[in-house]
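The values are calculated or read from the model by the stated rules, or taken from the named source; none is laboratory data. Predicted model, so just to flag it, every value in this text is computed and none were measured. Positions of Cβ are generated from backbone atoms using ideal geometry, with glycine treated the same way; all protein chains shown enter the neighbour counts.
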Amino acid sequence: MSEIPAKATESEDPSDGARAEAAGDAAADVTSGTAGGTGLSAFDGTDGTPHGDAMWQSSPPGSIYDYIKVASFSIGPDGLVDQWSLRAEQLFGIPAERAVGMDPIEAFIDPDLREQGQRKMAEILDGREWTGVVPFRQPGAAAGESGREGLAEVYVMPTRTEEGEKAAVCIVVDVRTLRSIETDLAASQSIFGQSPFGFLLIDPDLRVRRVNEQFANTFGGTPDDHRGRGVHDYLQRPEAERVAATLRRVLETGNSITDMHVTGFVPGSEDRRHWSINLYRVHSGSGRPIGVAWLGTDITSRRAAAREAAAARRNLALLNEAGARIGNSLDLETTARELLDVVVPGFCDLATVDLYQGLLAGDETPPGLADGSAELRRVAFASAVSDAPFVGGGAPVAVGAVHHYPFNSPCADALRTARPQLVPAEEGGLVQSTLAVPMVAHDTVVGLAQFARTKGSEPFGDRDRDLAVELAARAAVCIDNARLYRREHERALILQRSLLPPGDPVASGLDIACRYLPGNSSADRPSEVGGDWFDVIELPGHRTALVVGDVMGRGLRAAVAMGELRSAVRTLALLDLEPAEVLSALDEIARGLGAPGGVQQATRAARRPREADLSEVYLATCVYAVYDSVTRRCTFANAGHLPPVLVEPGEDALMLDVPPGMPLGVGGEPFEEVEVELPEGALLALYTDGLVESRDHPLDEGLQAFVGALTDPSAPLEDVCDQVLNTLDTHHGEDDIALLMARVQGLPADSVGDWTLPREPRSVGRAREYARGQLVSWDLEPLVDTTELLVSELVTNALRYGEGEIRLRLLLDRTLVCEVWDSGLVQPRRRRARDTDEGGRGLQLVGLLSAAWGSRRTPRGKTVWFELPLPDGETGLADPAEALLSLF
């Protein structure tokens, strides 16, 4: 027996007594009032196999007895144990063969309490029930070992044997196990009842066994009202079938389900609710599945917040995409299509863009703009739905068509008020929701964008309206910029073309063809007006100035600078300066273009380079050539431009070695001249870098391609130009192209009369004789008198004011040119003679009788010239007598 004192006390805890009573009732039911036989063994068998009739198995495995582990034994009339259950073996650790025949008082009760125990046993055997909590110690398995301490709740019930003798049945429960179960039940009840989440216990038949208050508060009624219900009582059929299938899968596999989203409705509300459900299988104490636990929480607000956040992220991404994709082109139609590429299908299913026709045509304030009734042109349409109609109501409007909205329509109201309007859906149509959003840029409505969603999509909300306004505003600014650019581009193009020579220029001794191509939009950047130009300027003495230049930069600024430089070149050329002098003067002018104070201010700014505004610096390249048709010599001066190309008859094309010099506007470096003799039939080509240079092809490659394209210089010049442009088509497109080609056709020797006169008075008469004889040989008798008079005046002035020998030269081409050369440096100056003066009227007479006259410096002096139209020309000859009389 135990060496530790044990005390048997009667239970004073009603709950303990109730538990013992319940256990006793169960035992009584099982034993059916007998202390032996099969009833007791059927009650506490642990192998799950019932003895006798199956009706004795009143509770399936996994019942409460699996947790409580109720043990039982019986006491015979002699007060000794005569039956010992398997549960008693497990509880006390004493096998049945040892326990049967033991005195329970002597075996389990402390020696100090045995006397009292014997009295209690006597009372029990006398037919009195007893309940108490008894501390006990299991006997040790070997000598010297102490057993395990325990506390048992014992319920002793009197009974009789078959012979009628008094006996007793004892029901024993481990009190510590009961306390543990009580604690677990209290904790479970607290968690189950106080949980803020909906808690259900669903049996294997998918019926609700228990719900908590939170679930009942959500779906109405008391927790008991929900017992026996199925998922179809709470969810609509498709969702209920999905949840039921999931519950079966959890029961079969034991795999838990976490955060499964379920959608349904609560009683008395038509609002769709969303729940997050966690499912896991519940097992009995023996490990048998007894159902599924359902833990659910309402996530409707969370889902709404998540949708709000997702919509905000989507809208932000849409705005970022719009910022990146809209406005990459300065083309109106392209910009409108870029807007629709962004919104379809990410924002809507259908979309159109209409722009005011008047604004597209260049009108600043087209009629009807204020009231929304002005004509619009549909510039873009996009659809994510096949065979979808054009939105806008009424008859469909094709892309490119001009139309207008009725005054009382929502679209006209949106244009009139500059506020978005919701367009009602047509009955039976595909579209369910349409937003008409005015496109406002700089407080000006430039058009209307319509966004439509088809049936099945979510209708437009307030956030969608705000996003549509923002997208339309961004596109409107880009479209307005494109419109302004198009207007300025057209003006600049008109300005630029007005400054180029009209048609093919005509020059003495040269066959000329030219091409000008503005940069096209096939390149990555939009087409812009450039600063390329060319010019052909006729100079005295049947000479011709050929000019090709390129102002760096693009746009209206470059075109204006080009026009100013071109005008300056023509002015300087008419002064008959040498090519290097022309470029030097042009360099000063270019430096003065970017300074408000002109050249002097530009010079002062150049001394302070850190303070100079580089954005106002005008740089240009230019090649200036002067061709003399009599000598067939050409003088070149270059300011940073690409070298001219010369093709001599029977020879390969080559680039002339002309010193490049510094670009115009840089200043500080003199320009050099190179004189080249051009054989008859030679081809000379001047060009800008747009012909030979691009981002995809190096300059050297373009130059070689250009030189290689001049394979047949004897062909007509127009064909040569076309051949060059077609061959080099892949080498240009990003910049303007200016191409000037001239084939040499020198003045024939029989069209030139050249004489040298000594410095003596007789040379005046001799000069008249030479001129008369030459004109007669050219069959120009009508010009003899005028020519003799004017030659006499020029030779006389050369004798009186000049130096050295005198040279007389007559040139016949499209006009008759007479030149008188001498070594003097003093230029003739025309003045008005007084009535009393005897001289001073010679140059006045030259100006009256000639079509043009002037003087120029030469390397060895000066040349004075005059020009007369041929008799068959359109300009009539002046009468010498009338001219003389007009001087007085």
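Out of everything in the stretch 790-809 that is aliphatic (A, V, I, L, M) and without any contact (Cβ under 8 Å) to a residue 40 or more places away in the chain, what residue ends up being surrounded by the most Cβ atoms within 10 Å (Cβ to Cβ)? My answer is VAL795. Among residues of the stretch 383-405 that are over 15 Å from VAL431 (Cα atoms) and in the same structural domain as LEU355 (by TED's automatic domain parsing), those with a beta-carbon under 7 Å from a residue that is modelled with pLDDT under 70 and assigned to a loop (DSSP other than H, G, I, E, B) at least six positions away or on a different chain give the pairs VAL397/PHE390; TYR405/GLY372. Across the stretch 295-330, which residue is nearest to ASP466 (Cα to Cα) among those that are modelled with pLDDT of 85 or more and of a type in the set (Ser, Thr, Tyr)? My answer is SER301. Quick check, is PHE199 modelled with pLDDT under 75 and touching a Phe, Trp or Tyr at 6+ places or on another chain (Cβ under 7 Å)? Spelling it out, it is not the case that PHE199 is modelled with pLDDT under 75 and touching a Phe, Trp or Tyr at 6+ places or on another chain (Cβ under 7 Å). When the stretch 641-661 is filtered for residues that are under 11 Å from VAL623 (Cα atoms) and either touching a residue at least 40 places away in the same chain (Cβ under 8 Å) or surrounded by 21 or more Cβ atoms within 10 Å (Cβ to Cβ) (or both), the ones remaining, listed by number, are HIS641, LEU642, PRO644, GLY661. The combined condition, being crowded, with 21+ Cβ neighbours inside 10 Å and in contact with a Cys (Cβ under 6 Å, 6 or more places away or on another chain), is fulfilled by THR335.
Working carefully through the options GLU145, GLU162, find the one that is of a type outside the set (Val, Ile, Thr), modelled with pLDDT under 85 and part of a loop (DSSP other than H, G, I, E, B). Of GLU145, GLU162, the one residue that is of a type outside the set (Val, Ile, Thr), modelled with pLDDT under 85 and part of a loop (DSSP other than H, G, I, E, B) is GLU145.
Considering (1) modelled with pLDDT of 90 or more; (2) more than 15 Å from LEU703 (Cβ to Cβ), the lone condition that VAL666 does not fulfil carries the number (1). There is no residue in the stretch 191-199 that is farther than 21 Å from SER276 by Cβ and touching a Leu at 6+ places or on another chain (Cβ under 8 Å). Of all residue pairs spaced 6 or more apart or on separate chains, those with beta-carbon atoms under 7 Å, a first member in the stretch 480-493 that is under 21 Å from ALA441 (Cα atoms) and hydroxyl-bearing (Ser, Thr, Tyr) and a second member that is at pLDDT 75 or above and not in a helix (DSSP H, G or I) are TYR485/LEU330. Being more than 26 Å from GLY287 (Cα to Cα) and either over 47 Å from the mean Cα position of the chain (by Cα) or charged (D, E, K, R) (or both) is the filter here, so list the residues in the stretch 235-263 that pass it. Passing the criteria: ARG237, GLU239, GLU241, ARG242.
Here's the yes/no breakdown for (1) touching a strand residue (DSSP E or B) at 6+ places or on another chain (Cβ under 9 Å); (2) among the aromatic types (Phe, Trp, Tyr); (3) at positive phi:
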residue	(1), (2), (3)
ASP736	yes, no, no
LEU740	yes, no, no
VAL752	yes, no, no
ALA771	yes, no, no
GLU781	no, no, no
TYR801	yes, yes, no
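In the stretch 82-113, what residues are touching a residue at least 24 places away in the same chain (Cβ under 8 Å) and outside any helix (DSSP H, G or I)? Those that are touching a residue at least 24 places away in the same chain (Cβ under 8 Å) and outside any helix (DSSP H, G or I): ASP82, GLN83, SER85, GLY93, ILE94, ASP103, ILE109, ASP110. Considering each residue of the stretch 675-696 in turn, none proves to be within 27 Å of LEU593 (Cβ to Cβ) and surrounded by fewer than 17 Cβ atoms within 10 Å (Cβ to Cβ). Considering the stretch 157-202, the residues that are touching a residue at least 60 places away in the same chain (Cβ under 8 Å) and basic (Lys, Arg) include one that is nearest to PRO223 (Cα to Cα), namely ARG160.
Residues in the stretch 430-456 that are under 25 Å from the mean Cα position of the chain (by Cα) and either surrounded by fewer than 18 Cβ atoms within 10 Å (Cβ to Cβ) or of a type in the set (Asp, Glu) (or both): HIS442 alone.
Of the residues making up the stretch 727-748, those that are modelled with pLDDT under 85 and either exposed (fewer than 15 other Cβ atoms within 10 Å of the Cβ) or within 26 Å of VAL551 (Cα to Cα) (or both) are THR727, LEU728, ASP729, THR730, HIS731, HIS732, GLY733, GLU734, ASP735, ASP736.
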